[in-house]
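Since the structure comes first, as structure tokens, the remarks are kept for the end.
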Amino acid sequence: MSVIRDIAATYASPHKVVDRHLAIGEREDRALVLVMAACLLFFVSSWPINARIAHLEGRELNPLLGGALMGWIFIAPLAFYTLSFVVGLVLSAFGWKGGTYGSRIALFWALLASSPLVLIHGLVLGFAGPGMAQQAIGLIWVLVFFWFWSSGLMQAGRSAK
């Protein structure tokens, strides 16, 4: 399936999409693409708020975008790899059989699948500014992300060989 169809299917049943990704086998190139695509979309979601800050505060936009680029494209993937490794180890200590690869796929797919909400959050924050709308979208994103991630982790534990 295409990534867009997979993202749409995740909102209906996240465990099935994660199961399809895990059925392909351990492919670290696929995991890297998932986390980099998610981080790229998170970076794009930061554009409106950075443009707002630059306009309202009279600052240059390029340094703001450069900082966001550095954070989302270079630092965040390393943080997400570390988080998935630690979560995989902790869950393994409690008898979970998904392994570190299953933990990576569950986290990285949850990030990518929930990225449409992050893009909406960025637009709301950039155009309307901080407020109730931004907080509501942020809360919806957090809830959806944890739903996708927990469903993915449960499926990775069931799919383990």
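General remarks:
- Residues (β-branched (Val, Ile, Thr), open to solvent by 50 Å² or more (accessible area, probe 1.4 Å) and within 21 Å of Arg5 (Cβ to Cβ)) located in the stretch 101-149: Ile120
- Residues that are part of a helix (DSSP H, G or I) and without any contact (Cβ under 8 Å) to a residue 40 or more places away in the chain were ranked within the stretch 98-120; the one that is farthest from Lys16 (Cα to Cα) is Ile120.
- Only listed residue being modelled with pLDDT under 95 and either within 20 Å of Thr82 (Cα to Cα) or not polar (S, T, N, Q) (or both), chosen from Gly152, Gly138, Gly99, Gly122: Gly99
- Failed item, numbered, when Ala106 is tested on (1) within 19 Å of Leu40 (Cβ to Cβ); (2) in contact with a helix residue (DSSP H, G or I) (Cβ under 8 Å, 6 or more places away or on another chain): (1)
- Assessment of the stretch 121-134 against the conditions (under 30 Å from Arg20 (Cα atoms) and without any contact (Cβ under 8 Å) to a residue 40 or more places away in the chain) yields no matching residue.
- Residues of the stretch 75-88 satisfying the condition of being under 13 Å from Phe108 (Cα atoms) and open to solvent by 50 Å² or more (accessible area, probe 1.4 Å): Leu78, Ala79, Tyr81, Thr82, Leu83, Phe85
- Filter result for Ala12 (of a type in the set (Gly, Ala, Ser) and in contact with a Leu (Cβ under 8 Å, 6 or more places away or on another chain)): no
- So Trp72, is it modelled with pLDDT of 95 or more, open to solvent by less than 20 Å² (accessible area, probe 1.4 Å), in a helix (DSSP H, G or I) and not β-branched (Val, Ile, Thr): no
- Leu153 being open to solvent by less than 60 Å² (accessible area, probe 1.4 Å), within 12 Å of the chain's Cα centre (by Cα) and of a type outside the set (D, E, K, R): no
- Remark: Ala93 falls outside the filter, which requires a residue to be in contact with a Leu (Cβ under 9 Å, 6 or more places away or on another chain) and either open to solvent by 30 Å² or more (accessible area, probe 1.4 Å) or not small (Gly, Ala, Ser) (or both).
- Scanning the stretch 25-46 for residues that are open to solvent by less than 80 Å² (accessible area, probe 1.4 Å) and assigned to a loop (DSSP other than H, G, I, E, B) turns up Gly25, Ser46.
- Failed condition for Val3, given (1) surrounded by fewer than 17 Cβ atoms within 10 Å (Cβ to Cβ); (2) β-branched (Val, Ile, Thr); (3) farther than 30 Å from Ser159 by Cα: (3)
The values are calculated or read from the model by the stated rules, or taken from the named source; none is laboratory data. The shown structure was predicted, so the numbers you read here are calculated from the model rather than taken from an experiment. Positions of Cβ are backbone-derived with ideal geometry, glycine not excepted, and every protein chain shown enters the neighbour counts. Heavy atoms of the whole protein, side chains included, go into the accessibility calculation; ligands, DNA and RNA do not. Shrake-Rupley method; radii C 1.70, N 1.55, O 1.52, S 1.80 Å.
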